[in-house]
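Here the structure comes first, spelled out in structure tokens, and everything after it is commentary.
The values are calculated or read from the model by the stated rules, or taken from the named source; none is laboratory data. What you are looking at is a predicted structure, and each value in this text was computed from that prediction instead of being measured. Cβ coordinates were reconstructed from backbone atoms using ideal geometry, including for glycine residues, and neighbour counts include every protein chain displayed. These accessible areas exclude ligands, DNA and RNA; they are computed on the full protein's heavy atoms, side chains included. Shrake-Rupley method; radii C 1.70, N 1.55, O 1.52, S 1.80 Å.
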Amino acid sequence: SRGATYIALGLLWRDGTHDRSAAVSVLRGVLDLQYEDGPDSKLHGVWRRRQGETDHDSNWREFVGCGLILILETFPDRLPGDLVSDIKAALVRAAVGSARRDVGAGYTNIALMSAFLLDYVGTQQGRDDLRQAGQESLGARSVCLTCQTTSGKLTTLLPRSPTSWNGCTGPGRIGRSL
């Protein structure tokens, strides 16, 4: 579902013969993979990886959600109205699930995408609760890493995520000098 979202974006961008219909088909397939278990479920708004599987990654709310936002912002006129409505509903589910999950600032990439998803969906769909959650997550959390200075030089600025090496502690830091 994550990769398929960006394939659909590429098809809409290219806009060749049959690309729009292929993108619509891909996007309908992506939307079918989203859990709709209800806002109290840990899986609410998460996308399964593939059709017929139950394997999921909670981060896909943000990855797929941001891809769908790109599609809505760039090519809404290339999609049928009912699909646009379905994408908007899927984004609300993803945002509600993301707000409930409330990842910390130490999970930089997801925290940033979550804040964007929440603010976008809240703003576009008149959901002040989601908009405020997105804005507060950027303001209240120090999502951007603290930069250290040595001799007036910016020295460390690294993304942090459980899936990538966290070089912010201990000797041998990556990106000692930018």
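Residues are listed down the side, and each one gets a yes or a no for (1) under 29 Å from D102 (Cβ atoms); (2) aliphatic (A, V, I, L, M):
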residue	(1), (2)
R2	yes, no
G16	no, no
V26	no, yes
L31	yes, yes
D37	yes, no
G52	no, no
G65	yes, no
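The C-beta contact set for segment 84-103 (first residue in contact (Cβ under 8 Å) with a residue 12 or more places away in the chain, second residue among the acidic types (D, E) and open to solvent by 30 Å² or more (accessible area, probe 1.4 Å), distance under 7 angstrom, 6+ apart or interchain) comprises R93/E36. Quick one: in segment 39-50, of everything that is in contact with a strand residue (DSSP E or B) (Cβ under 6 Å, 6 or more places away or on another chain) and either without any contact (Cβ under 8 Å) to a residue 40 or more places away in the chain or open to solvent by less than 30 Å² (accessible area, probe 1.4 Å) (or both), which residue is nearest to V96 (Cα to Cα)? Among those that are in contact with a strand residue (DSSP E or B) (Cβ under 6 Å, 6 or more places away or on another chain) and either without any contact (Cβ under 8 Å) to a residue 40 or more places away in the chain or open to solvent by less than 30 Å² (accessible area, probe 1.4 Å) (or both), it is V46. Summed over segment 15-38, residues that are open to solvent by 40 Å² or more (accessible area, probe 1.4 Å) and touching a residue at least 60 places away in the same chain (Cβ under 8 Å) total 1. A single member of V121, V103, V96 is modelled with pLDDT of 95 or more and open to solvent by less than 20 Å² (accessible area, probe 1.4 Å), and it is V121.
I7 falls short on exactly one of the conditions (1) in contact with an Asp or Glu (Cβ under 9 Å, 6 or more places away or on another chain); (2) more than 23 Å from E136 (Cβ to Cβ); (3) in contact (Cβ under 8 Å) with a residue 12 or more places away in the chain; (4) of a type outside the set (F, W, Y), and that condition is (1). Considering segment 124-134, the residues that are in a helix (DSSP H, G or I) and open to solvent by 60 Å² or more (accessible area, probe 1.4 Å) include one that is farthest from S41 (Cα to Cα), namely Q124. Within segment 58-67, none of the residues are surrounded by fewer than 19 Cβ atoms within 10 Å (Cβ to Cβ) and out of contact with any helix residue (DSSP H, G or I) (no Cβ under 8 Å at 6 or more places or on another chain). The residue of segment 9-61 that is modelled with the highest pLDDT, among those that are assigned to a loop (DSSP other than H, G, I, E, B) and in contact with a Leu (Cβ under 6 Å, 6 or more places away or on another chain), is Y35.
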